[in-house]
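Below: one structure, written as structure tokens.
Here, each number is a calculation from the coordinates, and none is a lab measurement. These numbers were taken from a predicted model, which means no experiment stands behind them. Neighbour counts run over all protein chains shown; Cβ positions are idealised from the backbone, glycine included.
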Amino acid sequence: MGRQRVLSGVQPTGNLHLGNYLGAIRNWVEGQQKYENFFCVVDLHAITVPHDPKTLAENTRAVAALYLACGIDLDHSTIFVQSHVPAHTELTWLLNCITPLNWLERMIQFKEKAIKQGENVGVGLLDYPVLMAADILLYDADKVPVGEDQKQHLELTRDIAMRLNYQFGREEAPVLKVPDPLIRPEGARIMSLTDGTRKMSKSDPSEQSRINLLDDPDTLRQKIKRCKTDPVRGLEFDNPERPECNNLLTLYAILSNQTKDAVAEECREMGWGQFKPLLTETTVEALRPIQEKYNEVMGDPGYLDSVLRDGQARASEIANATLARVRAALGFLPPLS
Ligand code: TRP
């Protein structure tokens, strides 16, 4: 038996931040030897909200380069661009036709994003989870690393797969593999620098709210200097009255590779004036190797092209085989050669 397969993806919407890294990519990197991994840059998802055609391609390359910079290893993992494998859009259509509309209308993320979009809600926004299901199901993924906010989409993926299998498969020979979530016990939830009760997010209009992986040392210094704290002296984890304190200590613990206990001990008597420079230096040092590797990769466009070309070839082979299986199960006349 081969290794189990993992698939995940990040949207190329601007800069990746520490929440993306600590909550997702770092876990992919840690688990990658155990699995056969596919990591895609989900550019088709990025156009479900209004987007800028001038930056889409560059952002797509940047996310692929950041995967490499964060330690995704091509010996264990395939990196590819979603739109380079047309099977994603085609399977989406086939799945659309068996997915009940009301399954999509009740997706929490759709409802939240639709409210923000107001009048301008595209059909693609509603269909977003079906495209995500196609991403996962095309690769017969066994495991999908998901954070809290994507759990409902993975549930939907499972429901769609089971429905297709039930309607068009035989029990002995399911058409699609039903994936399981890969939940890691220590999945860090990194919160905003301006509000310790809200997740660090790309969609927050304030740059000050997040630490981007590519922020230079001066920007990091400024952001940490200005981040929200409280007037209490002495720092502690897990005090519900002090969400910012918990978040900043958590960041410090992860970035300095220390246990929570060690950090609680070290910072118990500190004031913010002492802690902030410590967090700043730790962050600068933690991001330095990622930024160096990123610059190296971005400085060699031919190399990045070759990574994405290989990724496209490897991904296409698997995706096309699954697509052919689904087409056959649905009864299509095979294309004539
Ligand atoms: N919706 C995911 C997010 O925003 C991104 C994504 C697209 C994804 N396709 C996927 C994640 C497939 C895991 C598997 O985080």
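Some points to look at:
- The residue among L66, Y128, S77 whose Cα reaches farthest toward the positive pole of the charge dipole of segment 56-176, with charges on the beta-carbon of Lys, Arg, Asp and Glu, is Y128.
- Student exercise, segment 24-73 dipole from Lys, Arg, Asp, Glu Cβ charges, in Debye to nearest 20: 60 debye
- The chain: angle of helix 301-330 to the longest principal axis, Cα-based, in degrees nearest 10: 40 degrees
- Principal-axis tilt of helix 151-168 within the chain, Cα atoms, nearest 10 degrees: 10 degrees
- Ellipticity estimate at 222 nm from DSSP helix runs (n ≥ 4, -39,500 (n - 2.57)) divided over the chain, nearest 500: -16500 deg cm²/dmol
- Under the convention that each Lys and Arg Cβ holds +1 and each Asp and Glu Cβ holds -1, the size of the dipole of the chain around its Cα centre is about 460 debye.
- Peptides ranked, highest mean first, by Cβ atoms within 10 Å: ranges 76-88, 267-279: 76-88, 267-279
- Reducing segment 282-331 and segment 211-252 to their Cα centroids gives an inter-centroid distance of 33 Å.
- Positive end of the dipole of segment 218-283 (Cβ unit charges, origin at the Cα centre): among N257, L235, L278, the Cα lying farthest that way belongs to L278.
- Sorting the segments 102-112, 237-247, 30-40 by their mean number of nearby beta carbons within 10 angstrom, highest to lowest, gives 30-40, 237-247, 102-112.
- Helix axis angle, 108-117 relative to the chain longest principal axis, alpha carbon, degrees: 80 degrees
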